[in-house]
Amino acid sequence: MTSIPEAKARAQDLADRLDLRVGEVMQFSRNFYAELLTAAGKRATEVLAHPRSGAVWLEYGPAMMWNTEYGMPTHRNAAPETLSAAEARGIARHWLDAHLSGRTPGDTEAFPGYYTLHILKDGRITGMLSVNAGTGQVRYHDWHGAFIAMSEG
């Protein structure tokens with residue numbers, strides 16, 4: 001699998017089993033990333049697709065551990081969401097200042113139990129991170145590799 005359309009088709013196979021649809025798809029050097037959306041267009045969860053095997057699974061970290069609707073069953077009763085999108089973006093900005101100087105957070109995208117943001121440098125995507133909506137914990141998505149391309153849903 002070498003293209004975003006191929007990754008989108010593979011992600012849709014999984015989305016169909018969850019009664020969801022594929023939104024944004026991103027290509028990185030180590031994997032493809034896709035957002036899965038509800039019929040109403042609300043973000044539901046995030047998945048990864050392996051570029052060689054085509055296997056698709058829930059994304060590591062936040063999608064598995066923090067997602068209160070589609071994550072692992074033991075995490076579906078997580079701390080209540082107390083952070084707004086603006087607060088999550090502020091936490092992301094602070095984390096980036098401390099760990100990846102010169103980078104800024106992109107728009108805050110809400111998922112059940114957490115937020116995910118693109119990391120930008122000079123206006124270009126360089127990666128992603130997530131902020132737990134109940135605790136404010138930050139998880140940098142270090143598994144993607146270098147950003148290559150993106151297709152909006």
Picking from Glu81, Glu59, the residue that is within 27 Å of Met1 (Cβ to Cβ) and either touching a residue at least 40 places away in the same chain (Cβ under 8 Å) or out of contact with any Gly (no Cβ under 8 Å at 6 or more places or on another chain) (or both) would be Glu59
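For every residue, the table says whether it meets (1) touching a Phe, Trp or Tyr at 6+ places or on another chain (Cβ under 8 Å); (2) not β-branched (Val, Ile, Thr).
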position	(1), (2)
Ser3	no, yes
Lys8	no, yes
Leu18	yes, yes
Met26	yes, yes
Leu37	no, yes
Ala44	yes, yes
Val47	yes, no
Leu58	yes, yes
Met64	no, yes
Can you say whether Arg52 is of a type in the set (Lys, Arg), under 24 Å from Thr2 (Cβ atoms) and either out of contact with any helix residue (DSSP H, G or I) (no Cβ under 9 Å at 6 or more places or on another chain) or part of a loop (DSSP other than H, G, I, E, B) (or both), as far as the supplied structure shows?
yes
Taking region 10-22 and keeping only residues that are in a helix (DSSP H, G or I) and surrounded by 15 or more Cβ atoms within 10 Å (Cβ to Cβ), one is left with Arg10, Ala11, Gln12, Leu14, Ala15
Taking Ala40 as the residue in question, decide whether it is exposed (fewer than 14 other Cβ atoms within 10 Å of the Cβ), at pLDDT 95 or above and either in contact with a Leu (Cβ under 8 Å, 6 or more places away or on another chain) or assigned to a loop (DSSP other than H, G, I, E, B) (or both).
yes
Would you list the strands (runs of 3 or more DSSP E) that sit entirely within region 79-153 and hold 3 or more residues that are under 13 Å from the mean Cα position of the chain (by Cα)?
104-111, 114-121, 124-132, 138-140
Could you tell me whether any residue of region 103-124 is surrounded by 15 or more Cβ atoms within 10 Å (Cβ to Cβ), in contact with a His (Cβ under 7 Å, 6 or more places away or on another chain) and without any contact (Cβ under 8 Å) to a residue 12 or more places away in the chain?
no
Yes/no for Lys8 being at pLDDT 95 or above, more than 24 Å from Phe147 (Cβ to Cβ) and charged (D, E, K, R):
no
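The values are calculated or read from the model by the stated rules, or taken from the named source; none is laboratory data. Just so it is clear, the structure is predicted and the values come from calculations on it, not from any experiment. FYI the Cβ positions are ideal-geometry reconstructions off the backbone, even for glycines, and counts take in every protein chain you see.
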